[in-house]
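The values are calculated or read from the model by the stated rules, or taken from the named source; none is laboratory data. Here the structure is a predicted model, which is why all the values come from computation and not from measurement. All Cβ positions, even for glycine, are placed from backbone atoms using ideal geometry, and neighbour counts span all protein chains on display. Note: accessible area is taken over every heavy atom of the protein model, side chains too, but ligands, DNA and RNA are not part of it. Shrake-Rupley method; radii C 1.70, N 1.55, O 1.52, S 1.80 Å.
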Amino acid sequence: MTVRPDSIRGVTITGTGMYVPERVLTNRDLERIVDTSDEWIRERTGIEERRIAAPEQASSDLAVIAAERALESAGLTAADIDQIIVATTTPDRILPSCACTIQQKLGAKNAAAYDVFAACTGFIYGLGLGRGLVATGTADTVLLIGVETLSRITNYKDRNTCVLFGDGAGAVVLQPCPPGEGLLSIHMKSDGDLGEVLEVPAGGSRTAMTPDLLAAAGHTIHMKGKELFKIAVRAMDESLRQALEQAELRPEDLDLLIPHQANLRIIEAVRERLALPLEKTLINIQRYGNTSSASIPISLDEAVRSGRVKKGDRVGFVAFGGGVTWGASIIRWTAEAPLVATAAGTARREAEA
Ligand SMILES: CC(C)(COP(=O)(O)OP(=O)(O)OC[C@H]1O[C@@H](n2cnc3c(N)ncnc32)[C@H](O)[C@@H]1OP(=O)(O)O)[C@@H](O)C(=O)NCCC(=O)NCCS
């Protein structure tokens with residue numbers, strides 16, 4: 001497709017996919033590891049269990065499965081992808097990027113590939129980037145993945161953090177659509193002054209890893225939970241309002257809100273501020289915990305495949321995360337029910353199954 005560089009196209013999501021590892025880590029399991037209780041974790045976070053990657057699974061392994069499902073639901077193959085954007089804080093390695101490893105595993109011969117580091121807001125940031133690429137005609141098909149193996153940077157001796165995080169991957173395909181449809185708005189922001197509320201202190205160019213730092217769990221997530229909680233509620237509220245305003249919508253116009261799943265009480269506080277009914281808010285934190293950049297695309301795929309998101313629905317995404325970063329986006333859903341392969345090898349609409 002040839003597009004003049006100054007022309008702007010609409011951009012939409014044409015496919016979704018997700019994958020979570022098989023191993024389930026329950027609150028009861030955690031009771032045996034740290035001084036905590038199932039009751040405390042449920043009451044303070046809403047989490048009941050989370051998934052943990054197998055020892056041989058790295059982020060790219062989870063991502064590839066989610067990506068293949070997203071491509072299939074869009075009726076595409078890996079050769080159709082122009083760009084692969086991977087939102088992650090837990091790449092397989094620092095070099096090469098996680099995206100290049102995924103590009104190789106998918107066999108996406110025509111794709112550029114790179115990572116975006118925006119912690120739990122990574123999916124929204126990737127959406128903003130992908131939207132720009134497709135809108136300007138720089139790319140026709142962008143594969144955007146949010147993937148984390150947070151269990152690899154979690155300290156299972158620290159009860160303040162280890163109860164929160166889980167592993168998983170979600171993916172979407174971004175493609176052009178008529179202007180005014182699909183993604184209606186994006187709002188993205190950051191504040192590095194607050195960087196220390198959520199950090200992995202060692203292992204970068206500032207503080208190289210040493211045996212002592214490793215022993216002190218310097219390679220794991222350190223968090224000031226209480227501070228982060230307040231920042232998160234304020235930031236998500238602000239961002240969602242900005243994204244709604246850009247889209248010329250009010251909170252009550254949303255058919256579904258898909259918030260980043262960090263803490264049920266944070267989601268509740270945001271929902272109450274915006275006066276959104278519970279049935280219009282997607283909550284799956286009880287099953288997956290906080291999967292950072294993967295939480296929104298995992299939730300979206302579940303919502304699409306269960307028929308909770310239908311063509312014409314207005315869906316809001318909102319997230320906050322380390323950095324700190326935050327953002328929101330509104331989409332008017334344009335896709336029909338996802339395409340799935342049947343046993344006979346033909347494709348049919350999942351909703352007709
Ligand atoms: C982490 C979080 C769940 C803690 O909940 P909270 O209500 O703020 O709890 P507090 O920090 O006030 O801790 C209350 C008590 O519970 C204790 N506690 C902390 N974790 C515990 C656990 N897993 N089990 C039992 N007790 C725990 C604390 O030590 C504290 O004890 P103290 O009063 O004797 O010092 C909450 O602050 C939160 O979710 N913050 C945001 C985190 C987040 O979203 N991070 C990711 C960003 S994307």
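Provide, as a two-decimal number, the C-alpha radius of gyration of segment 64-165 over 2.2 N^0.38 Å, N being how many residues it has. Intermediate results must be reported in sequence, preceding the final value.
On the way: Rg = 14.7 Å, N = 102, 2.2 N^0.38 = 12.8 Å.
Taking N as the residue count of segment 64-165, the ratio is 1.16.
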Gyration tensor (Cα only) of segment 146-249 to equivalent ellipsoid, semi-axes in Å sorted down, yields 34, 18, 14
For the chain, take the longest principal axis of its alpha carbons; what is the angle in degrees between that and the long axis of helix 122-135, to the nearest 10 within 0 to 90?
20
Show which lysines lie in cross-link reach of Lys224 when reach means a straight Cα distance below 18 angstrom and same-chain residues fewer than eight apart are skipped.
Lys157
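For the chain, what % of the accessible area comes from carbon and sulfur atoms, probe 1.4 Å? Spell out each step's value before the answer.
Working: 7750 of 15300 Å².
Ligands and nucleic acids excluded, carbon and sulfur reach 51 percent.
How much length, in nm to one decimal, is gained on full extension between Arg42 and Ala275, taken as 0.36 nm per residue of separation minus their Cα-Cα distance? Kindly include the intermediate steps, with their values, before the conclusion.
Values: separation 233, 0.36 × 233 = 83.88 nm, distance 2.36 nm.
My answer for the length gained is 81.5 nm.
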With Cα coordinates, the longest principal axis of the chain makes an angle with the long axis of helix 264-273, in degrees rounded to 10, of 60
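Could you work out [θ]222 nm for the chain from helices alone, using -39500 (n - 2.57) per DSSP H run of at least four and dividing by all its residues? Round to the nearest 500 deg cm²/dmol. Kindly include the intermediate steps, with their values, before the conclusion.
On the way: 11 runs with 108 residues, N = 353.
About -9000 deg cm²/dmol.
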Give me the compactness ratio for segment 216-320, meaning the Cα radius of gyration over 2.2 N^0.38 Å.
1.12
Efficiency by 1/(1 + (r/R0)^6): what FRET value for Thr138 and Val34, r their Cβ-Cβ distance, R0 = 41 Å, to the nearest 0.05?
0.30
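Given the Cα atoms of the chain, and with Rh set as the inverse mean 1/r over their pairs in the Kirkwood sense, what is Rg to Rh to two decimals?
Values: Rg = 19.3 Å, Rh = 20.3 Å.
Ratio of gyration radius to Kirkwood radius: 0.95.
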By the Kirkwood definition, with r running over pairs of different Cα atoms, segment 38-102 has a hydrodynamic radius in Å of 14.3
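Which whole-number value in Å² is the accessible area per residue of the chain, probe 1.4 Å? Working shown, then result.
Details: 15300 Å² over 353 residues.
So the chain comes to 43 Å² accessible per residue, rounded to a whole number.
What does the highest-first list of 128-137, 165-174 look like by mean Cβ count within 10 Å? Each step should come with its number before you reach the end.
Details: 128-137: 20.5, 165-174: 30.3.
Per-residue Cβ counts within 10 Å, averaged per peptide and sorted highest first, yield 165-174, 128-137.
Are there GluC sites (Glu not before Pro) in segment 34-89 that DSSP puts in a loop and that have at most 13 other Cβ atoms within 10 Å, and which ones? Walk me through the numbers on the way to the answer.
Working: sites: Glu39, Glu43, Glu48, Glu49, Glu56, Glu68, Glu72; in loops: Glu48, Glu56.
The qualifying sites are Glu56.
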Could you give me the radius of gyration and the Dmax of segment 12-69, taking only the C-alpha atoms into account and expressing both in angstrom?
15.1, 46
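Beyond 20 Å, what percent of the Cα pairs of segment 206-269 remain? Let's see the in-between values first.
Working: 1010 of 2016 pairs.
More than 20 Å apart: 50 percent of the Cα pairs in segment 206-269.
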Tell me the accessible surface of Lys189 in square angstrom (1.4 angstrom probe, heavy atoms of protein chains only), to the nearest ten.
90
